[in-house]
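Note sheet for the following structure.
Nothing in this text is a laboratory measurement; each read-out follows from the coordinates by a stated rule. Keep in mind that this is a model prediction, so the values were computed, not measured.
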Amino acid sequence: MIDQHRKWLEEDVVYLISPTEKAIFTALGTTEERDRFILQFWQRVGLDVKEEHYKRISTANKRFGWRGRGAAVAGWKSDRGKMYILYGPPDEIDSHKVGVGATARSGPFEIWRYSHINRVGDNVELMFSDPNGDGEYRLASTPPERR
């Protein structure tokens, strides 16, 4: 597999492609077959979705990258970047630079609110915490306690 195809599979569409589609793509034997698959994939998903998807990747890379353990981590690889790519910009972000109440020792956190996410539901809240204060906000399962 050439680097261009590997990048498409492992970076560009990593959050969009189904396991079945990934297996089919990986099993293809020629560059031409893979190029045709990519073209058909975007035709099936929709060219407007493709354009929006790449805009979200660009924004995720600009806003959610961080430096971890001496190396830069691309924004698309972060939890906030992944959610941004999948669901788009939240309707509201409640950002705290330091922990509040019981979370004061846990570092900064953000709560993203969406009024609706297709195939997820209404009034969705995603909480991200940065317990080490190093810029790596991780998706948490529940919002922090507040006092």
(message) If you fit an axis through the alpha-carbon atoms of helix 31-45 and take the longest principal axis of the Cα set of the chain, what angle between them do you get, 0 to 90°, nearest 10?
(response) 50 degrees
(message) Run the reach check for Lys22 against lysines, Cα to Cα strictly under 30 Å, same-chain hits fewer than 8 apart removed. What comes back?
(response) Lys7, Lys50, Lys55, Lys62, Lys77, Lys82
(request) Relative to the longest principal axis of the C-alpha atoms of the chain, give the angle of the C-alpha long axis of helix 47-64, reported between 0 and 90° and rounded to the nearest 10°. (result) 40 degrees
(message) Just want to confirm a number: the relative contact order over the chain, from Cα pairs under 8 angstrom separated by 6+ residues, in percent.
(response) 15 percent
(request) Report the dimensions of the stretch 1-69 along its three principal axes from the alpha-carbon atoms, largest first, rounded to Å. (result) 37, 32, 19
(request) Do me a favour and compute the ellipsoid semi-axes for the chain from its Cα gyration tensor, root of five times each eigenvalue, largest one first, whole Å. (result) 34, 18, 12
(request) Mind checking the full-extension length gain between Glu52 and Ser95? Use 0.36 nm per residue of separation minus the Cα-Cα distance, one decimal, nm. (result) 13.0 nm
(message) Given the -39500 (n - 2.57) contribution per DSSP H run of 4+ residues, what per-residue ellipticity at 222 nm results for the chain, rounded to the nearest 500 deg cm²/dmol?
(response) -11500 deg cm²/dmol
